[in-house]
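The values are calculated or read from the model by the stated rules, or taken from the named source; none is laboratory data. Fair warning: this is a prediction, and the values are worked out from it, not measured in the lab. Methodologically, a virtual Cβ is constructed for each residue, glycine included, from the backbone with ideal geometry; neighbour enumeration extends over all protein chains shown.
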Amino acid sequence: MLKTCLLIVGSVMASIEVSLAAGFVETFDTNPAQNRWQSFGNSNLFVWNSSEKYLNVTWDSSNSNSYFYKPLGTMLTRQHRFGFSFDLYLTNIAAGTTPDKPYAFEFAIGLINFTNATSSNFIRGTGSNSPNIVEFDYFPDAGFGATISPTIISASNEWATSFNFPLELNPNVLFRVNIDFDPDIGKLSTTITSNGAPFASIDDVVLGTDFSDFFVDTLAICSYTDAGQDPMWSGSITAKGFVDNISFYYTPSVTPQLSISKGSNNKWEITFESQSSWKYSLERSDDLINWSVVIPSTPGNDGTMTFYSQVDESEHTYFRVKAEKP
């Protein structure tokens, strides 16, 4: 599906066409390494089950930060519409499994900034050292009630979250989790089914107008370290299960702005803002029916791009810039 923005200058018209959706689906029917999935940290926590066609996962907070992840191919912010979903099946889960850390700690699946999340000073448990996150968090019961907590953390460690308890993700149940972010109202919504039936209502996470921004570029199954917490309230977790049928989508929030002018070199100059994860081409027509390629597909540069086309004596000249996801 394409979205088109038109710009007319005199008898010259230019348009830009943008693919409205991009993303991926992972069913684990084949080795996920062939689909750009990778491990960081303790790779033994993430094992592809080739016979059952899902990913066996161990969340163990006694380890260093560990991720099973796939790059999104773009950087998402609060200006983008996006979402992700996954199947989750737990076989066992326990809190307080690290000595002297008896309270609850989370396991997580969601979107991270890979550079931030793999740095040595990224510590999820401190509350102030884990920027750029949009994720689904679950805390098993450690005396205060099991809690589901979708969370957004900005680049400057501002928090937006909802605490839904007591809501327990019981073992031996197949859960389907869906997360969607609406940039128009800054809302992160979560829906969950349990063995195909509605599970429970999850409170939305709504960003205030003063909430700055987040920058995420990777989808990850996250086993965070329990290091660095306040000793008075330190928690820990060990959980085992599998994850399957992961999907991710996003749509550009706005159509790139386009301008056209006649340069001093007797050429039309078509200028627009580009993204490095997209490719752009320029086409020209005299009748809006037959189009010829002027500039072939060219990678964006995360900045302003200008395409040039020779001025001629045509009564009407039409240009279109095509933006396509590789």
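Here the condition is being at pLDDT below 85, at positive phi and out of contact with any Asp or Glu (no Cβ under 8 Å at 6 or more places or on another chain); of 287, 312, 302, it holds for 302 alone.
Of the residues contained in the stretch 304-311, one or more are found to be surrounded by fewer than 16 Cβ atoms within 10 Å (Cβ to Cβ) and in a loop (DSSP other than H, G, I, E, B).
Restricted to the stretch 160-192, and to residues there that are of a type in the set (A, V, I, L, M) and within 19 Å of the chain's Cα centre (by Cα), the residue that is surrounded by the fewest Cβ atoms within 10 Å (Cβ to Cβ) is 185.
Criterion applied to 242, 214, 199 was being hydrophobic (A, V, I, L, M, F, W, C) and crowded, with 21+ Cβ neighbours inside 10 Å, and the one residue passing it is 214. Listed by position, the strands (runs of 3 or more DSSP E) contained in the stretch 30-98 that have at least 2 residues being surrounded by 19 or more Cβ atoms within 10 Å (Cβ to Cβ), hydrophobic (A, V, I, L, M, F, W, C) and under 18 Å from the mean Cα position of the chain (by Cα) are 66-76, 81-95.
When the stretch 202-211 is filtered for residues that are β-branched (Val, Ile, Thr) and either modelled with pLDDT of 95 or more or crowded, with 16+ Cβ neighbours inside 10 Å (or both), the ones remaining, listed by number, are 202, 205, 206.
Candidates are the residues of the stretch 245-267 that are at pLDDT below 85 and hydrophobic (A, V, I, L, M, F, W, C); the one that is surrounded by the fewest Cβ atoms within 10 Å (Cβ to Cβ) is 254. The single condition among (1) assigned to a loop (DSSP other than H, G, I, E, B); (2) in contact (Cβ under 8 Å) with a residue 12 or more places away in the chain; (3) more than 23 Å from residue 70 (Cβ to Cβ) that residue 289 does not satisfy is (2).
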